[in-house]
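Have a look at the structure below, then the notes.
The values are calculated or read from the model by the stated rules, or taken from the named source; none is laboratory data. Computed from a predicted structure; not experimentally measured. Glycine gets a Cβ as well: all are built from the backbone with ideal geometry, and neighbour counts include every protein chain shown. What goes into the accessible areas is simple: the full protein's heavy atoms, side chains included, and nothing from ligands, DNA or RNA. Shrake-Rupley method; radii C 1.70, N 1.55, O 1.52, S 1.80 Å.
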Amino acid sequence: MGPFEAIFVPDELAEAVSDRAWLEAMLEVERALANAESLAGVIPADAAGAIAAACDPGRFDVHELAVQGRSSGNPAEPLVRALRDAVDPAWRDAVHRGATSQDVVDTAAVLVARRALGQVIDETDRLAAAAAELARLHRDTPMAARTLLQQAVPTTFGLKAAGWLVAVLDARRGLLRANDGLAAQLGGAAGTLAALGAKGGEVAELFAAQLDLPLAPLPWHANRVRMAELGSALAVVAGVAAKIGTDVALLQQTEVGEVLDPGAGGSSTMPHKQNPVASAVAVACARRTAAHASVLLGSLVGEHERAAGSWHAEWAALSGALALAGGGLAAVARLLEQLEADPGRMRANMRDELYAERDRLGLQADEDYLGQAASFVDRALAVYAGETEEDW
């Protein structure tokens with residue numbers, strides 16, 4: 001993460017991707033593995049019970065595990081040692097049976113991502129609802145469309161909000177696809193599950209079921225497409241939120257004044273200012289999410305069956321992308337929920353030159369420009385209503 005993270009990331013989302021959340025997820029993985037192996041007859045039921053009892057997050061110091069993990073390059077190895085020390089010596093060999101460190105960390109990453117992604121999708125839904133409400137309220141509110149930052153032709157504020165809405169819906173589909181692609185990881189030392197012999201396939205299926213996760217066709221130690229797709233989807237949705245925030249900030253400018261954010265922030269030296277803080281947060285979050293996503297994309301390139309450094313680089317990038325994408329969405333959702341439009345100012349700002357195309361083509365401004373804009377708003381709202389009913 002980074003300094004002053006609470007400015008950008010809601011507390012609940014920060015907790016969902018914290019070191020503590022990763023520790024809890026790794027312990028959940030070890031517990032699920034033991035249960036699966038017990039059900040498959042690989043280890044005794046008593047061993048699985050002892051391991052489950054030892055998988056108590058309160059027993060472990062996550063910082064100390066990380067310090068100890070310096071020698072192995074990952075936190076799973078010292079965690080496994082600690083678990084073996086915590087159970088009866090008779091069951092030590094049953095801990096982590098047939099698995100490898102990357103199985104634990106990758107599956108924990110999936111659990112962390114799934115839980116945090118639920119919050120990100122909730123914020124996406126909240127943003128979509130706020131944009132849809134603005135589109136409904138201002139379906140027929142005329143304003144100047146702006147291209148290359150210059151007034152172009154008449155449009156409606158409802159159509160601008162409808163454009164925001166459709167972009168959010170498009171980005172949301174990407175999040176859902178990435179979420180559906182997340183899967184449990186269990187491959188053992190080199191992706192063959194050889195240490196479990198003929199029981200390997202059965203254990204893998206039971207392991208995934210214990211965690212309520214899909215099982216990929218093959219172990220994906222060296223196939224990082226899932227993480228790359230998730231990072232890309234998070235960067236896209238964060239970018240959409242930042243685009244909306246940027247539009248609002250421009251409409252909020254003193255010389256434009258077509259919208260007002262009652263919750264806008266003040267200046268430490270200029271008390272008359274209302275700074276577009278939510279927009280600034282969203283832009284910062286989008287840029288940082290894109291940077292984290294680039295790490296996840298870069299990890300597609302790795303060596304043979306276990307990369308040296310690529311998957312290690314994913315951990316902070318994944319947490320950061322989830323937290324910051326959600327933070328940007330939350331900021332812009334709050335912004336739109338309280339946004340106040342000024343239809344009078346929108347109309348007053350419309351310059352005569354907006355009608356040059358109308359005069360040249362013999363169009364009727366209200367019927368041809370505003371009427372078509374309203375029909376597009378209706379179309380966007382119909383898409384939103386249909387997706388809400390069918391998919392949400």
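Tell me the relative contact order for the chain as a rounded percent, counting alpha carbon contacts under 8 Å between residues six or more apart.
Worked out over the chain, it gives 22 percent.
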(message) What distance in nm lies between label points placed 7 Å from Cα along the C-beta direction at Asp85 and Gln372?
(response) 7.2
(message) Among the complete DSSP H segments of the chain, which ones combine at least 27 Å of alpha-carbon extent along their axis with a mean Kyte-Doolittle hydropathy of 0.5 or more?
(response) 225-251, 277-298, 310-338
(request) Would you kindly find the accessible area of Asp46, with a 1.4 Å probe and non-protein molecules such as ligands, DNA and RNA excluded, rounding to the nearest 10 Å²? (result) 110
(request) Could you work out the longest stretch of the chain that avoids the GluC sites (Glu not before Pro) located in DSSP loops with at most 16 other Cβ atoms within 10 Å? (result) 1-254
(request) Obtain the nm distance between the two label points defined at Leu148 and Leu250 by a simple spin-label model: each point lies 7 Å from its Cα along the Cα-to-C-beta direction. (result) 1.3
(request) Please identify which residues in region 72-110 have an amide N closer than 18 Å to a label point set 7 Å out from the Cα of Glu205, following the Cα→Cβ vector. (result) none
(message) Can you list residues from other chains, or at least 5 along the same chain, whose modelled amide H is less than 5 Å from the amide H of Arg146?
(response) Ala152
(request) Would you compute, from DSSP H runs of 4+ residues alone, the mean residue ellipticity of the chain at 222 nm, taking -39500 (n - 2.57) per run and dividing by the full residue count, rounded to the nearest 500? (result) -20500 deg cm²/dmol
(message) Take Val383 and Ala53, extend 7 Å from each Cα along the Cα→Cβ direction, and tell me the distance between the two endpoints in nm.
(response) 5.7
(request) Leaving ligands, DNA and RNA out of it, rank Arg224, Arg287, Arg345 by accessible area with a 1.4 Å probe, largest first. (result) Arg287, Arg345, Arg224
(message) Sort 111-121, 237-247 by the packing proxy (mean of other Cβ within 10 Å over each peptide's residues), most packed first.
(response) 237-247, 111-121
